[in-house]
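The values are calculated or read from the model by the stated rules, or taken from the named source; none is laboratory data. Just so you know, these numbers come straight off a predicted model, no measurement behind them. All Cβ positions, even for glycine, are placed from backbone atoms using ideal geometry, and neighbour counts span all protein chains on display. Surface accessibility is based on the protein's heavy atoms, side chains included, excluding ligands, DNA and RNA. Shrake-Rupley method; radii C 1.70, N 1.55, O 1.52, S 1.80 Å.
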Amino acid sequence: MPTMADVARSAGVSVATVSHVLNETRPVLPHTRQAVLDAIEELGYTPNTLARSLVTSRTRSIGLAVSAISNPYFTEILQGVEAAALAHGYSLLIADPHDDPAHERKVVQLLHERRVDGMIVATSAEPRELLAYLDRHAVPTVLLDRVIDDRADGGPRFDQVCAENTGPTARLVTHLAGLGHRRIGLVAGLSGLSTTSERITGYRQGLAAAGLPLDDGLVVPGNSESAGAERATAALMSHATPPTALVTANNAMTIGALRALREHGLSVPHDIALCCFDDFAWADLFSPRLTAIAQPSREIGAEAVRVLLERLAAPDRAARTVRLPCAFVHRSSCGCPEENGAAAAARSRPAWSTGSRQRSARSRPAPPSGQPDHPQHPGCSGHHEHSGYPEEGTLS
C-alpha cells in the first residue's frame, strides 16, 4: 500500500507539502498542488482519515439526527443531506431520535462523541435538554424543519433551515373556500412543534382572507401521526355539523384521515373535500389524486449542509433562519375535475380571489350517491404552482 512518503517522492516534494495539500493546512502553489494530486491518483494512495483528523482537528463528518425511518418526508431530506455532504467531501453519521426528547439527547451525544465536525438535527417537541447540550458544548449545529427562536431578543441560538408553513397552509384553505366550503376542518400536528403552530396560523389566516369565521371546534390534534389523525378525523365527522372540507397537516395524518373517512362511509371528494400539507411519492396514485403542498425536501437537506459548512468556516457569525418556498400541487381530492394542459394553469387561482366571494353555504356533506353540491373549480391535473399567499408566486 503506497504511503505519503511514496507520494512525496513521486511528486518531487516533501512529506510536509503532501500533508498540506491533503489537509489544507497551508497554501500550496497551484502547480505543486497538482503534482501531488497527480501522484496520489497514479499511486492509488488513500489518506488515513484518523491521522488527518489528528492534524486538522476535523473528521470531515457530519452528524444527522432525524426520524427518517418512520417519516418519508425526512427520508427525502436525508437524501439531500447525503448528496450535499458527499459533494463537499464529508461523510455522514446518522441517528434516529424517534421524536423522543430523552432519546434525541442520547443519540446527539453519541454523534458528538464520534467527533463529528457539526450536527444537523430535527428536534422533538420538547428539545430543551438537547439544545442545552449543544449550547454547552458549542457544537456547530443546524436545526432542521422545526424553528426555535429562544434567545432573549426573540432570535435563534442556532442556524435553522425549514420550509414555509403559514402561507402554503393558507393557500389550501383559500382554495377550498373558493369552492364554496364554509366549514373547513384542520387535522393539526403535534403540539410544541413550530410546524404545527405555523400551519394552524396559516389555517386561521386562510379563513380570515376568505371571510369565514374561526370555529376552534374544527381544529383537532392529530399528533403528526396516522393513528392520531384517524381519531381526530372521526371526532370531526361526529360533529352535529361536520366539516365539508378537510386540511391535513402532514403526510402521515393524511393516511389516517383517509382511513377514518372510509370507516364513516364518506367518499373523497364527493362527500368531503381533502387537501394535505406534504406531497409524497404516491400522492397522485390515490383515487382521487391528492391536492397537496409539496415541500422541497431534498433542497432543505442540501441547504442545511451549506449552512453548516458556512458555520464551520465562520463560527462567530450571527445565527440565521433560512426558509424555502413550497409548491401548491393542484389535483382532484379538493373536488375539482381532472383537466390537462394550459387551461388548468390559467384557471388555478381560487374564484374568490378575483372578487367574487358569493357561494352557497354547505352545512353537511352531500349524500354518498349524490353529486357535490359546491361549485367545482377547474384545473386539478397535477398542476404545480409556487405557494404564495395571498398572491401567487415564491414565498419570501
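Structure data summary
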read-out	value
Residue satisfying all of: in region 275-299; over 12 Å from residue 329 (Cα atoms) and touching a helix residue (DSSP H, G or I) at 6+ places or on another chain (Cβ under 7 Å); most open to solvent (accessible area, probe 1.4 Å) among these	298
Number of positions in region 114-127 that are of a type in the set (Val, Ile, Thr), part of a loop (DSSP other than H, G, I, E, B) and in contact with an Asp or Glu (Cβ under 9 Å, 6 or more places away or on another chain)	1
Near pairs, Cβ below 7 angstrom, 6+ apart or cross-chain, from region 199-221 (within 18 Å of residue 257 (Cβ to Cβ)) to any residue that is open to solvent by 20 Å² or more (accessible area, probe 1.4 Å) and part of a helix (DSSP H, G or I)	202/166; 219/200; 220/235
Residue 111 under 19 Å from residue 67 (Cβ atoms), open to solvent by less than 20 Å² (accessible area, probe 1.4 Å) and assigned to a helix (DSSP H, G or I)	yes
Residue in region 137-185 that is modelled with the lowest pLDDT, counting only those that are among the aliphatic types (A, V, I, L, M) and either open to solvent by 20 Å² or more (accessible area, probe 1.4 Å) or part of a loop (DSSP other than H, G, I, E, B) (or both)	152
Matching entry among 191, 197 (being assigned to a loop (DSSP other than H, G, I, E, B) and either closer than 20 Å to residue 125 by Cβ or of a type in the set (Phe, Trp, Tyr) (or both))	191
Any hit, region 114-129, residues being open to solvent by 10 Å² or more (accessible area, probe 1.4 Å), touching a strand residue (DSSP E or B) at 6+ places or on another chain (Cβ under 7 Å) and at pLDDT below 90	yes
Residue count, region 61-84 (criterion: at pLDDT 90 or above and either β-branched (Val, Ile, Thr) or not in a helix (DSSP H, G or I) (or both))	8
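Quick grid of which residues meet (1) surrounded by fewer than 23 Cβ atoms within 10 Å (Cβ to Cβ); (2) at pLDDT 95 or above; (3) in a helix (DSSP H, G or I); (4) not β-branched (Val, Ile, Thr):
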site	(1), (2), (3), (4)
229	no, yes, yes, yes
232	no, yes, yes, yes
242	yes, yes, no, yes
301	no, yes, yes, yes
306	yes, yes, yes, yes
